[in-house]
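Computed from the coordinates by the stated procedures, all read-outs in this text should not be read as laboratory data. Only a predicted model underlies this, so the values are computations on that prediction, with no experimental measurement involved. Virtual Cβ from ideal backbone geometry, glycine too; neighbours counted across all protein chains shown.
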Amino acid sequence: MRIDIITLFPKMFGGPLTESMISRAQKRDLVKIKIHQLRDWAINRRGQVDDKPYGGGAGMILRVDVVFKALTGLKFLSQKISNIQYPISNKIQNSKTKKLTKLKANEAKPYVILPTPSGTKFDQAMARKLAKKKHLVFLCPHYEGYDKRIESIVSEKISIGDYVLTGGELPVAVMVDAVVRLVPGVINKESLKEESFSRKDERPFVSTIEYPQYTRPEIFEMKIRGKKIKKTVPAVLLSGNHKEIEKWRERQ
Ligand code: 6GU
């Protein structure tokens, strides 16, 4: 999978994409993530990407022509950087066998996502859908808003919840994390197994945290406001009786 992120604040992705599992996934070439500075497609040398709203009002609005240039420029870049091709026809040539194969509609072009609070709510089913794509492009709007016409050049608008954030960077980091962990090979199959059993309409946390887990120490004692509190591990987990343990977990 290839992911391109277009943003005015590349540094905001420093932590989320360069640590832990998402970093490992990139090192293992399971996913290629590239961050692009939107100002590279600015309308002038001052790096202007936004403008005053027509009809008046506060704030600056992200320009549609800048975004269009970024998206078309990116498709060209992607052809050069990775082996993903965007042929004029709906066929793609395998770089090894040289055989032409017909592309499915969703493989023929990148899937462009615009994070915005007015978008469709992101959930586990949406993460599964996006994890099947070959190429995702996230376009992060910032400041006060964006030109409405930008919506006509993206594939989907997505929100991560009913609250307002200052920009699309944090939502994109959240979505990329949820999607990349579903890419085959990123995390081990066992961890995903419970999830694949879960029904599509089930709330994701129900399926990912199946039963309570414990590790050492067996007895944990603490003092809170002078009161001694002892926390133990359920006896069944220490019993060594695998049948009983399974039954207990099932119940939980
Ligand atoms: Cl995708 N963007 C912004 N700015 N705020 C949000 C959001 C997105 N999702 C929830 N709040």
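So the values come out like this:
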| read-out | value |
| --- | --- |
| Rounded to whole Hz, the Karplus (6.51, -1.76, 1.60) HN-Hα couplings of the stretch 8-23, x for glycine and proline | 8, 10, x, 5, 5, 9, x, x, x, 9, 10, 10, 6, 4, 5, 5 |
| Calculated FRET value between R128 and K52, using beta carbons and R₀ = 41 Å, to 0.05 | 0.50 |
| Distance in nm between pseudo-label sites at K121 and K109 (7 Å out along the Cβ direction from Cα) | 3.0 |
| Extended-chain gain in nm, criterion 0.36 nm per residue less alpha-carbon gap, N241 and R149 | 26.9 nm |
| Mean shadow area of the stretch 1-79, taken as a quarter of the surface of its Cα convex hull (nm²) | 6.7 |
| Computed over the stretch 1-68: relative contact order in percent, which uses C-alpha pairs under 8 Å that are six or more apart | 29 |
| Sites D162 and R24, calculated FRET efficiency, Cβ-Cβ separation with R0 35 Å, nearest 0.05 | 0.60 |
| Distance (nanometres) between label positions extended 7 Å along Cα→Cβ at D40 and V233 | 5.1 |
